[in-house]
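J.: Structure below; questions to follow.
Each reported figure results from applying straightforward, stated rules to the coordinates on display, with no laboratory input. Here the structure is a predicted model, which is why all the values come from computation and not from measurement. Cβ coordinates were reconstructed from backbone atoms using ideal geometry, including for glycine residues, and neighbour counts include every protein chain displayed.
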Amino acid sequence: MEFRAEARFVRVSPQKARLVLDLIRGKRVEEALNTLTFTKKRVTGAAEKLLRSALDNATYLVQEKGLDVDVDNLIVKTAVANDGPRMKRIRPAPMGRAFRYQRRIAHLEIVLAERVRKGGDATTVTGENKAEAKAPAKSKARAKKPVARKKAGTAR
């Protein structure tokens, strides 16, 4: 089960927002909240609010619909910052000229999912398989004979 939250038209560059969202992607929700608390970027306030909103969405659905989801076991599955519309602005320049620039806007999206645990499928390398794992068997295709080179010919 996935729980998502979206914040649209956040007044921050998507590139700067991606720097913060990359820090929390794949982490547990508690770790992600701690990371956002101690990160010194302006967008962390919006990202933290969004993460709390996704967590509240999860707790609400668990209580209302009776889903069997452990809220403490949620991870940040995806954290994305997409481009929003750009505001075109003009900055005055010397000698009556004007320079155009763009104020960027981002759409942030966070998806939480429950961590999947593999039960007993842990594969370990035993003593006999260690040598095979380190050095794979050489195939016969690699052991080709060297190709005969052409001799330097005479000038045409």
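J.: Check Thr78: other-chain or 5+ apart residues with amide H under 5 Å from its amide H, H built from backbone geometry?
T.: Val111
J.: Each residue of segment 76-91 in order: what ³J(HN,Hα) in whole Hz does its phi give by Karplus 6.51 cos²θ - 1.76 cosθ + 1.60, θ = phi - 60°, with x for Gly and Pro?
T.: In residue order, the calculated couplings are 7, 6, 9, 9, 10, 10, 9, 6, x, x, 9, 9, 8, 10, 10, 10 Hz.
J.: For Tyr60 and Met95, what is the calculated FRET efficiency with R₀ set at 41 Å and r taken between the beta-carbons, to the nearest 0.05?
T.: On the way: r = 59 Å, r/R0 = 1.44.
Using R0 = 41 Å, I get an efficiency of 0.10.
J.: Label point 7 Å out from Val71 along Cα-to-Cβ: which residues of segment 94-116 have amide N under 15 Å?
T.: Taking a point 7 Å out along Cα→Cβ of Val71, the residues of segment 94-116 whose backbone N falls under 15 Å are 112-114.
J.: Let me know the whole percent of all Cα-Cα pairs from segment 2-114 that are separated by more than 24 Å. Walk me through the numbers on the way to the answer.
T.: On the way: 2200 of 6328 pairs.
Counting every Cα pair in segment 2-114, those more than 24 Å apart make up 35 percent.
J.: Right, next: Residue by residue, what Karplus-based ³J(HN,Hα) values in Hz, rounded to whole numbers, does segment 96-104 have, using 6.51, -1.76 and 1.60 with θ = phi - 60° and x for Gly and Pro?
T.: x, 8, 9, 9, 8, 9, 10, 9, 8
J.: Right, another one. Whose amide H sits under 5 Å from the amide H of Val12, counting only residues 5 or more places off or on another chain, with H placed in the peptide plane?
T.: Residues meeting the amide H criterion: Ala106.
J.: Now, a different point. Over what distance in Å are the Cα centres of segment 7-22 and segment 92-117 separated?
T.: Comparing the Cα centres of segment 7-22 and segment 92-117, I get a distance of 6 Å.
J.: Exposure proxy check: Ile110, Ile75, Ile24 ranked by fewest other beta carbons within 10 Å? Let's see the in-between values first.
T.: Values: Ile110 27, Ile75 18, Ile24 24.
Fewest-to-most Cβ neighbours within 10 Å comes out as Ile75, Ile24, Ile110.
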